[in-house]
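**Q** Take this structure first; my questions come after.
The values are calculated or read from the model by the stated rules, or taken from the named source; none is laboratory data. Being a predicted model, the structure only gives us computed values, none of them experimental. Positions of Cβ are backbone-derived with ideal geometry, glycine not excepted, and every protein chain shown enters the neighbour counts. Each accessible area value is taken on the protein alone, full model and side chains, heavy atoms only, with ligands, DNA and RNA left out. Shrake-Rupley method; radii C 1.70, N 1.55, O 1.52, S 1.80 Å.
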Number of protein chains: 10
Amino acid sequence: MDRQQVTQKIISVKVAQHMRWTDIAAEVGQSKEWTTAALLGQMTLNRAQADKVQALFGLTDEETAWLQIVPYKGSLESAVPTDPLIYRWYEIVSVYGTTIKELIHEEFGDGIMSAIDFSMDIQREADPKGDRVQVVLSGKFLPYKSY
Amino acid sequence: MDRQQVTQKIISVKVAQHMRWTDIAAEVGQSKEWTTAALLGQMTLNRAQADKVQALFGLTDEETAWLQIVPYKGSLESAVPTDPLIYRWYEIVSVYGTTIKELIHEEFGDGIMSAIDFSMDIQREADPKGDRVQVVLSGKFLPYKSY
Amino acid sequence: MDRQQVTQKIISVKVAQHMRWTDIAAEVGQSKEWTTAALLGQMTLNRAQADKVQALFGLTDEETAWLQIVPYKGSLESAVPTDPLIYRWYEIVSVYGTTIKELIHEEFGDGIMSAIDFSMDIQREADPKGDRVQVVLSGKFLPYKSY
Amino acid sequence: MDRQQVTQKIISVKVAQHMRWTDIAAEVGQSKEWTTAALLGQMTLNRAQADKVQALFGLTDEETAWLQIVPYKGSLESAVPTDPLIYRWYEIVSVYGTTIKELIHEEFGDGIMSAIDFSMDIQREADPKGDRVQVVLSGKFLPYKSY
Amino acid sequence: MDRQQVTQKIISVKVAQHMRWTDIAAEVGQSKEWTTAALLGQMTLNRAQADKVQALFGLTDEETAWLQIVPYKGSLESAVPTDPLIYRWYEIVSVYGTTIKELIHEEFGDGIMSAIDFSMDIQREADPKGDRVQVVLSGKFLPYKSY
Amino acid sequence: MDRQQVTQKIISVKVAQHMRWTDIAAEVGQSKEWTTAALLGQMTLNRAQADKVQALFGLTDEETAWLQIVPYKGSLESAVPTDPLIYRWYEIVSVYGTTIKELIHEEFGDGIMSAIDFSMDIQREADPKGDRVQVVLSGKFLPYKSY
Amino acid sequence: MDRQQVTQKIISVKVAQHMRWTDIAAEVGQSKEWTTAALLGQMTLNRAQADKVQALFGLTDEETAWLQIVPYKGSLESAVPTDPLIYRWYEIVSVYGTTIKELIHEEFGDGIMSAIDFSMDIQREADPKGDRVQVVLSGKFLPYKSY
Amino acid sequence: MDRQQVTQKIISVKVAQHMRWTDIAAEVGQSKEWTTAALLGQMTLNRAQADKVQALFGLTDEETAWLQIVPYKGSLESAVPTDPLIYRWYEIVSVYGTTIKELIHEEFGDGIMSAIDFSMDIQREADPKGDRVQVVLSGKFLPYKSY
Amino acid sequence: MDRQQVTQKIISVKVAQHMRWTDIAAEVGQSKEWTTAALLGQMTLNRAQADKVQALFGLTDEETAWLQIVPYKGSLESAVPTDPLIYRWYEIVSVYGTTIKELIHEEFGDGIMSAIDFSMDIQREADPKGDRVQVVLSGKFLPYKSY
Amino acid sequence: MDRQQVTQKIISVKVAQHMRWTDIAAEVGQSKEWTTAALLGQMTLNRAQADKVQALFGLTDEETAWLQIVPYKGSLESAVPTDPLIYRWYEIVSVYGTTIKELIHEEFGDGIMSAIDFSMDIQREADPKGDRVQVVLSGKFLPYKSY
């Protein structure tokens, strides 16, 4: 058994039982963004979180143990994603990557925006010309230092 | 001559004269995000915008004409970027890509978040544990339709 | 279970029972282009459409549920397709890609032809020198805006 | 000297003199699609066509000779294009490729739609919900035969 | 079930029963080149041909139906083949590719040698210095046209 | 200076002076196939051949010396060629590669068809349904031996 | 069944029964180099050799038949091998490849060292500073000829 | 200036003056294998060796200084080499790689054959059936240890 | 059976029984670094070590035999790792690779730091600003020699 | 002008004047590891550091300005490095990557070892069996958090 098999079981149960990530997250007691990432095999659950997931999805003890093991992360099958929704994000990095780099460096100096000490919030933004997806990303700035 | 040469000249002038993107954007009269992307060769300027850039950077008429031509977009040299700051964004797409997909579909149904009808805002978020980079992305939701 | 397994079952049934996409589409009540893409795992069916497909192909309830989940899109196994028919389309993009870009920009300005708000129609075009395949693609123009 | 240098000179002159592909095509006496592809280095001009291009762009005799040499075709720099407009076409091949294959085979049997005995027409399609790009592709069907 | 499984069964039977492609082709009533390609999953059989193959290899009706479905073509596992015999052919394309291009264009003008309206004949060529493999390829010339 | 520069000069002169490979080969005294490959930088000329090429193309002594140095072979810019004519050959290897392998092994046993002790002949094959390109490849069979 | 499955069975038996390639080769009556390559699925056995292998490893008749079929060669999983021992050989080709090319051409003229009419011998070379691996490679020189 | 430019100058002089690696090596006082690798930019020369090379090729002091700097090694332009002679070596690693691994491990245990404490000797091996290239590789065995 | 299956069994048992690498290493009697690498399928165990592992994880005799066979090394699924922790190491090689090369060459001359005669020690480094990971790598310097 | 040109000038001057990184670092007042990385174009210098480098290498004011601009990082030319010394580091990540991951997670939980808040120290480790290279890497542990 490995984490991927647990992830697949969770997704299968979710589809068969018409569950929603928002409801699942409410049960787990975390944001919908973190909870979805965790159940898609990208994050590590603590004991209490794993127990709730075990109950919700009818997992075995061994499957529940796997949720508490740090997974090998990376949720895409190829370096350039083929799915149009995910590709648009890759395109944003391609088109705006150097812009993001310039503006963060102009404001903060040399360093990076952390993808670890990081959170994300996805919301519907009502708009008369067609609703928009608003995504807020927040990552700690980590400076390079000379030594 | 091509757009890339104009971009390189703009960057050279900016470094040699210690200019800042924020100031340049104020002159051009657009957001710092759009202006930086445009001057890094990813966006098309209209006549008025191009004229301001010509004056700021001392461009020739031919160089200024190139700013008004739609460029071949894509600012990175390799499918997987090597620069740590830009890589962190690629990593976010890798780790959270399927999460973003699930949550947008749960809220909106099948479709994408546009990378064209799109804007971005990058700000410093003060934080006692170390300041954070906050990035707000806003893209129109475009639904797939059956026909 | 995942969507790919449902797709494979549908294809197996279609071959074993000598069904035609055109007839299937008439049953589903959508164009043959959209219906084929949907049953090849690229589009999301609504409840009514999925019910018809369930009846036609003898699917289980769980398989029918999967048809209503937004799939991870992308129907090819490699970045450059090896099948000659599909490769010819890739070749068109390779040879005419910059031409298409120039002419759309000349007519519409900077932006893209949407692959989401998009439809396709494939027809036989009778020709004494050998019949032709005529494909009409229609996609909404989406302009880039400055902000 | 090679064809690519002639292409670059043509593009440079076009930008500097604010020319349009539609007007250039009218001078050359061919469709705007073929003419643009030809001047972007993908097609071979005959003597008369090359002479008109020489006059329009002020080419030397050697540059004009290159226009009449069959070029090494392929206008993109990478297997997966980074430019958003061209990528959308690649995405269409990725998402609809197997659909196109199924429907052409259902109508015509085994074979391909030619990318050589091929023409393309790009038009604006007025639409109250936002104008659309309509592209008509026409390629001869070429059957595989057993021998 | 898919075509690949049918191909694998055919190859397994052929090895277990020490059959030869030349004999199989004689039964099918086509050339050994076309028959081998077809049974390796690259060509589409008509009803009569499929029936003969069914009898020869003891296929089920469903397996026989798959032989009559146009397959996804491409018989190699990687872009650059690792098998030395097949690699030599790839090497011929690498070393002589531009030569073949120049000479076909010199004789015929711009266009291609078809790989669809195409046949191949492989023979032993006796030679006192060591027998040779002689391969005759014949493909219709398809000209590019301006429009 | 390197061989590639000599090749480029030869091609430039050929285009500027409207020369033909067939005529050049007659001067050099070799087949048009070998001569073209040699002047495209894939083969090594002996002194006499190089002297004739020097006279025909007006090469310097140093350029002529390079023609007699064994070149680094491989005439294509990417693993999968983008030019349609050359791609068709790559497609033949992709679709028929395993067929060629099976039939050569059936006739000769384990080994390869040499791409070194190899010759090629390209001819026009008149055909009322459209002329064909006929290519005859001849390569010595080289058997693997056990030891 | 395919050759790879036979190879895996042979390796499994060898590990479970603590056999050595040297002893197996002595039974088969060939060098340890050829025998190992053959049993790793890279070479074709004749009837007598296959019978001995059948007895040694307890193969079925069908498995034994597969040993006598020419395999699809290539024993590595990626273009650049990850295993350190095999990588060192790839590194030798990378670092010394052009050197080997220069020296063979200086001695023999244009051509190659055959990898088909080829043998290999691997021996321990005692050395007080640490024993060495000595590998002798012998391949027939095959000259390119003009025609 | 960099090492690659020095290498190109050395090769240019060698071609223009019809020099041989064997003679150059005799002057430098090292084997022809090491000397060729060094002058092709893969090895570091000491002061005395560099001085001899300076005299032989008419190098400047700065060029001579570069010969004594450890170079970035790797003499091939692509992961899979296109030149037939060098490819044959890559093929040997592909076909015999796992064999070499098995036999070295059987004799020595876990570890590698060094590509650093390594030498190579290339000789003509006279053979009535056609002369052969004999290459002797000698590399120190380096064992993995547990700790 | 192969080594990978044994590795997967070991990992499964470890997760199900909440074992720690540090404790396992103490049982095996080696460092935690070597033991973990070995049980993840990268190192070869001797008889005594394998017996202890057999007892700890309840392996069969055949599984235990596989632990004593030299494995095909390389623990990552792609050339550029997607897991953030492992990617940071790849990034260190990318950003600091040329620095490491320069400084080792400056101190030792041409050669390498061995990855075979190599050990690694990973420790927690307490730090009031947040604990650090300290990794000490020690590899024998192996000089290139001229010959 | 760009940073790469400044880097190349610095390297050229260093080679021509036989300078050592250790001495340069002493002048700059930072560690030899950071200084070398900075002058190889991977780090950003402050004004004071840049002034010292200007004096040492005779840089122009514009070149000196570039040293203070955050560079696009990544010092290698290919995803898998070809240089043997740098490859050994890549190999360490390949062979030990999952081990490092397991042990850091066992000690710290889910998170990464920072490559930004990071330092490196390279020393000679005297050893009677041959001196060793000792490298100490120290990176802050950054935990993933749920939110």
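**Q** Is the shape of the stretch F:84-143 best called rounded, prolate or oblate, per the rule: a/c under 1.5 gives rounded, else a/b larger than b/c gives prolate, else oblate, with a ≥ b ≥ c the square roots of the Cα gyration tensor eigenvalues? Kindly include the intermediate steps, with their values, before the conclusion.
**A** On the way: a/c = 2.12, a/b = 1.72, b/c = 1.23.
Prolate.
**Q** With an 8 Å cut-off on Cα pairs and a minimum separation of 6 or more residues, tell me the relative contact order of chain F in percent. Could the numbers behind the result be given before it?
**A** On the way: 137 pairs, mean separation 24.2, N = 147.
Once normalised by length, the contact order is 16 percent.
**Q** Over the Cα atoms of chain I, compute the convex hull volume and normalise it per residue, giving Å³. Provide the component values of the computation, followed by the final result.
**A** Details: hull volume 26.1 nm³, N = 147.
About 178 Å³ per residue, rounded to a whole number.
**Q** Per residue of E:28-34, how many C-beta atoms from partner chains lie within 10 Å of its own C-beta, taken as a mean?
**A** Details: counts 1, 1, 2, 2, 5, 6, 6.
Counting Cβ atoms of other protein chains within 10 Å of each residue's Cβ and averaging gives 3.
**Q** What does the highest-first list of E:52-60, J:73-81, J:110-118 look like by mean Cβ count within 10 Å? Please report the intermediate quantities before stating the final value.
**A** Values: E:52-60: 16.4, J:73-81: 18.6, J:110-118: 22.6.
Descending packing order for the listed peptides: J:110-118, J:73-81, E:52-60.
**Q** Under the definition of Cα pairs under 8 Å and six or more residues apart, what whole-number percent is the relative contact order of the stretch E:60-147?
**A** On the way: 62 pairs, mean separation 19.1, N = 88.
Here the relative contact order equals 22 percent.
**Q** Enter the Cα centre distance for the pair the stretch G:1-45 and the stretch C:38-80, rounded to the nearest angstrom.
**A** 46 Å
**Q** Give the long-range amide H neighbours of residue D:2: residues separated by 5 or more places, or on another chain, with amide H under 5 Å away, using H modelled in the peptide plane at 1.01 Å from N.
**A** Excluding prolines and chain starts, which carry no amide H, there are no hits.
**Q** Please compute how much accessible surface disappears when A pairs with B, both sides summed, using a 1.4 Å probe, and round it to the nearest 100 Å². Write out the running numbers ahead of the final one.
**A** Working: alone 10960 and 10950 Å², together 15200 Å².
For A against B, buried area totals roughly 6700 Å².
**Q** If R₀ is 25 angstrom, what is the calculated FRET efficiency for the pair residue B:27 and residue J:68, using the beta carbon separation as r and rounding to 0.05? Present the calculation step by step, with values, prior to reporting the outcome.
**A** Details: r = 23 Å, r/R0 = 0.91.
Given R0 = 25 Å and the Cβ-Cβ separation, E is 0.65.
**Q** Based on the Kirkwood radius over alpha-carbon pairs, what value in µm²/s does the Stokes-Einstein equation return for the translational diffusion coefficient of the protein assembly as shown at 4 °C and 1.567 mPa s? Provide the component values of the computation, followed by the final result.
**A** Working: Rh = 34.7 Å.
The Stokes-Einstein estimate is 37 µm²/s.
**Q** Residue by residue through the stretch E:141-147, which ³J(HN,Hα) values in whole Hz follow from phi under the Karplus form 6.51 cos²θ - 1.76 cosθ + 1.60 (θ = phi - 60°), with glycine and proline marked x?
**A** Taking θ as phi minus 60°, the curve returns 7, 10, x, 5, 10, 8, 9 Hz for the stretch E:141-147.
**Q** Something else: Give the accessible surface of the protein assembly as shown per residue, rounded to a whole number of Å², with probe radius 1.4 Å and ligands, DNA and RNA excluded.
**A** 36 Å²
**Q** Given Cα pairs under 8 Å that are at least 6 residues apart, what percent is the relative contact order of the stretch G:3-67?
**A** Numbers: 50 pairs, mean separation 23.3, N = 65.
Once normalised by length, the contact order is 36 percent.
**Q** Please report the base-10 log of the normalised intensity I(q)/I(0) for the stretch B:34-116, using a Debye sum with one equal scatterer per alpha carbon and no solvent, at each q in 0.24 (1/Å).
**A** Log10 of I(q)/I(0), two decimals: -1.09.
**Q** Enter the mean number of other protein chain beta carbons within 10 Å of the beta carbon of each residue in F:36-46, as an integer. Intermediate values should be presented prior to the final figure.
**A** Details: counts 8, 10, 3, 2, 7, 1, 8, 7, 6, 2, 3.
Mean number of neighbouring Cβ atoms from other chains: 5.
**Q** All other residues with a Cβ under 10 Å from the Cβ of residue F:21 taken together, and with Lys, Arg as +1 and Asp, Glu as -1, what is their net charge?
**A** Working: positive: F:14, F:20, F:32; negative: E:102, E:106, E:107, F:23, F:33.
Taking every other residue near residue F:21 into account, the sum is -2.
**Q** Now for a different question. Considering the Cα trace of the stretch H:3-67, what is its radius of gyration and what is Dmax, both in angstroms?
**A** My reading of the Cα-based Rg and Dmax gives 10.3, 26 Å.
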